[in-house]
């Protein structure tokens, strides 16, 4: 039996699961949706250097600087070390730069001034009003790959994972938490999972879990809206050198560029609305840094919810709340043994958060094995033979993409590619083959196209799944991986999800693409019962 | 180089369904006509079925193109289309006494339409059909279609199966398969393959049955198998739409209109509300088109007749000290040739639900006109099809009808204005 139940399949929960597994503590992770259902996939993908927080939140900056270096080492499959710069614009407060540089140095953030004219040659898109630039070790990190890597490592050591399992209640004996009650969201079945300890890493949903034990935490769900631009507008992360605000970070990631973010407190962590005024503000602010962003093609908008907590004396704006984290041992704080919660934090520092949480758990369980998560790579290097087999099928460039997308389960991908039509392209933008699609679908129970999209990037390019989602659903039916009767709903579900992001980002140059999608899908589904 | 120049009575900009109908209308009025267009319109995305109207006429909003030209003009345009289609051997058939008929979509949905394309899979309750797909044609799965049909029309008797294409054509593009099927010997082989599957039910096949000789392909298969054969259109390219486009182009040329493709209109000149010329860029240089009247049939957003705000000035051109402010266009759409004002509905541009019953505001954007389809202040410029404001062809099920009726009307008016 598991000794620990971990709630939440985001970065923190998956990091905790790996840490527990490496310390030999049997555990099961439960997640209400797919892995990375929440904020760990709904952010800008920035692996912080710490620069952003240096002035206002030096503790968070220091944590970021340390963890940034660790993650580059242990998770090369998820990190694109593109580097970053902070740009000082003529219209911003010139005195801030000096304060910022000194704060970075104090917090251990490597910062180096670079000649602005040289930077203009390297990054021709930056604003003509940029007057100074500083290099920092920012990077882009794929949250989905990071989490699936941690999960694969934990599973290899015997940990278990239950996705689409929602925690409906905590099991409580007297005052002690003794496990969780979960509902399988796919089948509706209920199940109880008993454990010595429950670790609540539910991110923005943390307060909903503690409320089941009658514990009220002062948490804030802070919604951020982001834009996804077609193509790479820059080759590195571009930050605006001023106190952190809206629309001041561009992060290139794969074939797209993200612009983040806004910050609006919301009542409910499931509130992922995308207000038009926030989209308009981002478009305007983004163009301050990169003028071409005013007319570049926006593929979609999306929203994520930051889990922040209110420290003493915090100001009114959520921008003033700390980005650091806190481990709450509810035995000590509230007289409720058996429950530990992690509040706040950032994806960049997920590993340290997991380490500290598992330290507390280990002391309760009497385990003295030290944490080794910073010392060992999350995954072993890929098997050379498997890599060669994939290269034979799809060539070197695409092999690199597949190695990154599938840090675990590569052997299955190789085998599926070797099937007669395995290399047929299903999604042109992201070069997703039939073999990759089949291998991923095989590895999941009853997958949706969104589950597949997160693992392959299918549907994340120009057509936003209008063509490739249609094809993928038919291929899954053909391969016996989906019921033919279910295929239309699969493609429509993917489009409904994509459309929420596309429609929120209008108007933009993508209006034509939006009409094309609308025309195609009303042609397929219009006039029929839905 | 001296700019080349052509003069016509009527110049039509755009060669989609509405532009081609406008050419027929202008020819009927006796005008000397040229169609000038960059490409061939959006028919390759179309099922080839012609929608007229899904809901009741009385529910049409004010300013809808049908209301502008009136029911009689709509009727007249549709009659002219049906007559033209018969003349080009595409027998579009109205179902007398019925408003609409049910056609099968590529996912087994049922879509109501007024004029199904010839050979389109139209189904009626109680009948038996067999859906057949071709192995290796990834755009079509017969089981998906059959299961969808079964849900949409429970008393239809549906079976499904896969067939192999002769000579192992798996993996070929839709158009390549369609061309092969134009060869009588090849379709004889296909009939042989299909014979073993034959259950006596009507066959609904994946929509690859020929391009220009589709009727012969269907008839031969049908004769060889002893059952009627119909086609389910694919998502894209959709052959029934392509067939209509190419047949209509030939028909319009036979009717005496000149067709100039590969010509992108870049600007216009005018005097006192009269368009005097339109300049087009072609591979061979710039050409000026002069005419007594012009028809704008450039297809809205999909046809690039409407575009989003002009691109920003080159970044490097800006002096280093100047801060470039981002444009914040309240009404971001513009009409690309004449710079006509574009009517964009107030409020959100799109519903968050892709298939919202009320449709999406951004597709209602377009040019407002008078009953003669002229924008305010212009005397010899007529607008038709998707360039017109005030309708959502997808939600209202009226795309084909509006293109045909306003195209015909605009052509007649432009042609008459020159007499």
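Structure above, values below:
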{"quantity": "Qualifying positions in segment A:391-403 - closer than 22 Å to residue A:144 by Cα and buried (at least 17 other Cβ atoms within 10 Å of the Cβ)", "calculated": "A:398, A:399, A:401, A:402, A:403"}
{"quantity": "Counted residues, segment B:167-178 - those being buried (at least 16 other Cβ atoms within 10 Å of the Cβ) and either in contact with a strand residue (DSSP E or B) (Cβ under 6 Å, 6 or more places away or on another chain) or in a helix (DSSP H, G or I) (or both)", "calculated": "3"}
{"quantity": "Residues (assigned to a helix (DSSP H, G or I), out of contact with any strand residue (DSSP E or B) (no Cβ under 7 Å at 6 or more places or on another chain) and either crowded, with 18+ Cβ neighbours inside 10 Å or at pLDDT 95 or above (or both)) located in segment A:404-420", "calculated": "A:405, A:410, A:412, A:413, A:414, A:415, A:416"}
{"quantity": "Selected residue [within 14 Å of another protein chain (Cβ to nearest Cβ), modelled with pLDDT under 95 and either assigned to a strand (DSSP E or B) or under 15 Å from the mean Cα position of the chain (by Cα) (or both)] from B:41, B:55", "calculated": "B:41"}
{"quantity": "Answer from B:95, B:51, B:58 - the residue that is in the same structural domain as residue B:344 (by TED's automatic domain parsing) and free of Cβ contacts under 8 Å to residues at least 40 places away in the same chain", "calculated": "B:58"}
{"quantity": "Residue match in segment A:331-352 (condition: within 14 Å of chain B (Cβ to nearest Cβ), over 21 Å from the mean Cα position of the chain (by Cα), buried (at least 24 other Cβ atoms within 10 Å of the Cβ) and not in a loop (DSSP other than H, G, I, E, B))", "calculated": "no"}
{"quantity": "Condition met for residue A:318 (at pLDDT 95 or above, at negative phi and away from chain B (no Cβ under 14 Å))", "calculated": "no"}
{"quantity": "Single match in B:257, B:265 (criterion: under 30 Å from residue B:339 (Cα atoms), surrounded by 16 or more Cβ atoms within 10 Å (Cβ to Cβ) and at pLDDT 95 or above)", "calculated": "B:257"}
{"quantity": "Only listed residue being out of contact with any strand residue (DSSP E or B) (no Cβ under 6 Å at 6 or more places or on another chain) and under 22 Å from residue B:47 (Cα atoms), chosen from A:473, A:477", "calculated": "A:473"}
{"quantity": "Residue tally, condition within 14 Å of another protein chain (Cβ to nearest Cβ) and touching a residue at least 60 places away in the same chain (Cβ under 8 Å), over segment A:239-282", "calculated": "6"}
{"quantity": "Every residue from segment A:360-381 that is part of a helix (DSSP H, G or I) and either in contact with a strand residue (DSSP E or B) (Cβ under 8 Å, 6 or more places away or on another chain) or within 26 Å of residue A:41 (Cα to Cα) (or both)", "calculated": "A:360, A:361, A:364, A:365"}
{"quantity": "Some residue of segment A:167-187 being free of Cβ contacts under 8 Å to residues at least 24 places away in the same chain and in a loop (DSSP other than H, G, I, E, B)", "calculated": "yes"}
{"quantity": "Tally, over segment B:124-141, of residues that are buried (at least 20 other Cβ atoms within 10 Å of the Cβ) and either closer than 14 Å to residue B:202 by Cβ or not assigned by TED's automatic domain parsing to the domain that holds residue B:190 (or both)", "calculated": "4"}
{"quantity": "Residue check, residue A:328 assigned to a loop (DSSP other than H, G, I, E, B), in contact (Cβ under 8 Å) with a residue 24 or more places away in the chain, surrounded by 17 or more Cβ atoms within 10 Å (Cβ to Cβ) and outside the structural domain of residue A:130 (by TED's automatic domain parsing)", "calculated": "no"}
{"quantity": "Members of segment B:69-111 that are under 30 Å from residue B:345 (Cα atoms), buried (at least 21 other Cβ atoms within 10 Å of the Cβ) and away from chain A (no Cβ under 14 Å)", "calculated": "B:69, B:74, B:77, B:78"}
{"quantity": "Residue A:516 vs. criteria part of a loop (DSSP other than H, G, I, E, B) and at the interface with chain B (Cβ under 8 Å from one of its Cβ atoms)", "calculated": "no"}
{"quantity": "Any hit, segment A:107-114, residues being assigned to a loop (DSSP other than H, G, I, E, B), within 14 Å of another protein chain (Cβ to nearest Cβ) and surrounded by 17 or more Cβ atoms within 10 Å (Cβ to Cβ)", "calculated": "no"}
{"quantity": "Candidate set: segment A:284-302, residues that are surrounded by fewer than 24 Cβ atoms within 10 Å (Cβ to Cβ) and within 8 Å of another protein chain (Cβ to nearest Cβ); chosen: the one nearest to residue A:463 (Cα to Cα)", "calculated": "A:295"}
{"quantity": "Single condition residue A:151 does not satisfy, out of (1) over 24 Å from residue A:344 (Cα atoms); (2) not assigned by TED's automatic domain parsing to the domain that holds residue A:233", "calculated": "(1)"}
{"quantity": "From B:82, B:36, B:129, B:107, residue being modelled with pLDDT of 90 or more, closer than 27 Å to residue A:487 by Cα and touching a strand residue (DSSP E or B) at 6+ places or on another chain (Cβ under 9 Å)", "calculated": "B:129"}
{"quantity": "Subset of segment B:137-163 (residues that are more than 14 Å from every other protein chain (Cβ to nearest Cβ) and not in a strand (DSSP E or B))", "calculated": "B:155"}
{"quantity": "Enumerated helices (runs of 4 or more DSSP H) restricted to segment A:426-510, each holding at least 3 residues that are within 14 Å of another protein chain (Cβ to nearest Cβ) and surrounded by 24 or more Cβ atoms within 10 Å (Cβ to Cβ)", "calculated": "A:434-442, A:468-478, A:487-504"}
{"quantity": "Subset tally (residues that are out of contact with any strand residue (DSSP E or B) (no Cβ under 7 Å at 6 or more places or on another chain) and either closer than 24 Å to residue A:263 by Cβ or surrounded by fewer than 21 Cβ atoms within 10 Å (Cβ to Cβ) (or both)) for segment A:35-58", "calculated": "13"}
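Residue-by-condition table, conditions (1) modelled with pLDDT of 95 or more; (2) surrounded by 16 or more Cβ atoms within 10 Å (Cβ to Cβ):
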| site | (1), (2) |
| --- | --- |
| A:134 | yes, yes |
| A:142 | no, yes |
| A:150 | yes, yes |
| A:170 | yes, yes |
| A:177 | yes, yes |
| A:186 | no, no |
| A:198 | yes, yes |
| A:230 | no, yes |
| A:239 | yes, yes |
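Here is a yes/no grid of residues against (1) touching a helix residue (DSSP H, G or I) at 6+ places or on another chain (Cβ under 9 Å); (2) without any contact (Cβ under 8 Å) to a residue 60 or more places away in the chain:
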site: B:332; (1), (2): yes, yes
site: B:343; (1), (2): yes, yes
site: B:353; (1), (2): yes, yes
site: B:360; (1), (2): yes, yes
site: B:372; (1), (2): yes, yes
site: B:378; (1), (2): no, no
site: B:387; (1), (2): yes, no
site: B:399; (1), (2): yes, no
site: B:410; (1), (2): yes, no
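The values are calculated or read from the model by the stated rules, or taken from the named source; none is laboratory data. Keep in mind it's a predicted model, so treat the numbers as computed, not measured. Note that we place each Cβ from the backbone using ideal geometry, even for glycine, and neighbour counts take in every protein chain shown.
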